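The values are calculated or read from the model by the stated rules, or taken from the named source; none is laboratory data. These numbers were taken from a predicted model, which means no experiment stands behind them. Neighbour counts are summed over all protein chains in view; Cβ atoms, including those assigned to glycine, are modelled from backbone coordinates with ideal geometry. Just the protein is used for accessible areas: all its heavy atoms, side chains included, with ligands, DNA and RNA removed. Shrake-Rupley method; radii C 1.70, N 1.55, O 1.52, S 1.80 Å.
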Amino acid sequence: MKKLLDVDNFGAIDADNDVLLLECFEDHEAFLQIKDRTRFLIVGRKGSGKTSIFKKMLRDKHHQYFCFGHTFSDYPWHHHDLQARVGIPDSDKFTHSWKYLILLTASKIILNSDNSLSIDEESMDLMVRIEKFVVDSYGSKDPDVTQIFTPSKTLKLKPSFELDLKLFKAGITPENFPISELPVIVQDLNINLQKYILRCLNPKHDYFICFDELDLGFNPDDGNYNSRLIGLLLAARDINIAAREAGKKLFIVIFLRDDIYNTLHFEDKNKITENSLSLIEWDTQRTQKTLKGLMEKRFKAVLGGHPTWEDVFDESKEMPGHQRKYQHILDRTYLRPRDVIKFCNSVLAQYKHRKNQDASAGEKFENVDLNEARSDYSNYLISELDDEIHKHLPYHEGLIELLRKIGVWQFTSDEFNAEYAKEPLPNVSAEDALKRLYEFSFIGFYRPGGGGYGGSEYVFKYKEPKIRFDSTSSRFRIHVGLIEVLGLKRHGGRSVEAA
């Protein structure tokens, strides 16, 4: 086994740059629920592991498994927005354009990837129809799906489909149908295309179409953005149901940040939440997955052998407050892989610095390494929060500065109100400010024991996402990972040594 001094890092905090991601992949329950086709909406906080699962889905390939992944860093949303159906509720105006995109993607898999098709004479005829429509309309049987709504495109609907000619405007023919008119006939077109595709698919094969990076371009005040997401959710649900009823294993999967999902409001949201949503969590009572287990895979990858957490961290000496090192680190995270990876990398850097100065130092991470790492980690955490919430809270910097001025790790509502009154935010009450700080887990509120709750505790949103803010609470605690960056102390002027 290598020595820690010879290790560069334990991986990157973002999936795109993490060379250990696939080698150290943790098969979270959410991943297994996708593979079993029981949950199609994968929700989690930024950095919780959604993109890791997305990349794993794309990388796993064999002759009976096909997966296509959509990301939208350069997607022409302005073309997609032209497909909104007029005269129907906002929550449903993009459903059929998303279905069309999904069905075109499934057509690409049928025409280019699955060599077992066609499975019989009827499916062969339908594959010919699909190919003729795709090639005649887009010039290739493997078109660029980001360009399917480009206004210059012209669809060739005949002879592949039989559509109601009454839907066509004067002067428009099925042989030369402008993409600008697609919303008029898209529902009927989707019905035909979906029927053809589901008939052609091999019932023994798995087909996945995944959507990630939907947070790019997120704007909570953009009605079209919200409507697009709702339309995608409804389209995925409908196609998944149709595939299941047809006995085919086509499954549409959506990866979405929980803060964005929480902003959406539509009629069937509760049904999707209860029946189709999988929340990515670590180290809670609702999952068996732990960040310790995730890190042990990374230790094995970089050190060799089969190192445990205790082989890397010296747990024989407790941290202040009688904490084990794992709990000390865990408390400073938002229970996300990227947080624990960052903290361990910061500890590694401090250990190497100490070891280079004193060659006789031990071969494990010690208390001093964690203590020295906290400042670097705390600065990282505030930057992560800034990236996550700045679009939700344009005034979030004012709230952070308010916590810094309060200056103590634990405070009362009276102390908060007194400080807030000095520089109140426009159109935001003190209670609203506390509520928003709680919603993004800057703070937790004190909940006394009893009443079925168990012992007294501070409740944080990231640990208990279903618990709403208690406006009657009078005691609050700032997330311990922010202590260093905010320069917080306990009451009485003493530094916060442990939490």
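Okay, here's what the table says:
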{"read-out": "Mean Cβ count within 10 Å, highest first, over the residues of peptides 95-104, 234-243", "value": "95-104, 234-243"}
{"read-out": "Linear extension gain, SER113 paired with LEU264, 0.36 nm per residue minus alpha-carbon span", "value": "50.8 nm"}
{"read-out": "Highest-first arrangement of 25-38, 216-229, 352-365, where packing means the average Cβ count within 10 Å", "value": "25-38, 216-229, 352-365"}
{"read-out": "Computed P(r) (all Cα pairs; the chain; 20 Å bins; percent)", "value": "20, 46, 27, 7, 0"}
{"read-out": "Kyte-Doolittle mean at least 0.0, axial Cα span of 24 Å or more - DSSP H helices of the chain", "value": "95-112, 182-200, 223-245"}
{"read-out": "Label-to-label distance, nm, for residues given as ARG129 and ASP314 (7 Å Cα→Cβ offset)", "value": "7.3 nm"}
{"read-out": "Assigned charges on the beta-carbon of Lys, Arg, Asp, Glu; the chain dipole about Cα centre (debye)", "value": "580 debye"}
{"read-out": "Charge tally in the Cβ shell below 9 Å around LEU126, where Lys, Arg are +1 and Asp, Glu are -1, LEU126 excluded", "value": "+1"}
{"read-out": "Apportionment of accessible area to carbon and sulfur, the range 1-108, percent (1.4 Å)", "value": "47 percent"}
{"read-out": "Options PHE460, LEU437, PHE416, ranked by Cα towards positive dipole end of the range 400-470, top entry (Cβ charges)", "value": "PHE460"}
{"read-out": "Spatially proximal aspartates and glutamates relative to LYS2 (Cα-Cα < 17 Å; intrachain offsets below 8 disregarded)", "value": "GLU296, GLU310, ASP311, ASP314, GLU363"}
{"read-out": "Radius 14 Å from Cβ of ASP314, net charge of other residues (Lys, Arg +1; Asp, Glu -1)", "value": "-1"}
{"read-out": "Relative contact order (percent, whole number), the chain, Cα cutoff 8 Å, 6+ residue spacing", "value": "19 percent"}
{"read-out": "The range 350-499 - convex hull of the alpha-carbon atoms, volume per residue in Å³", "value": "150 Å³"}
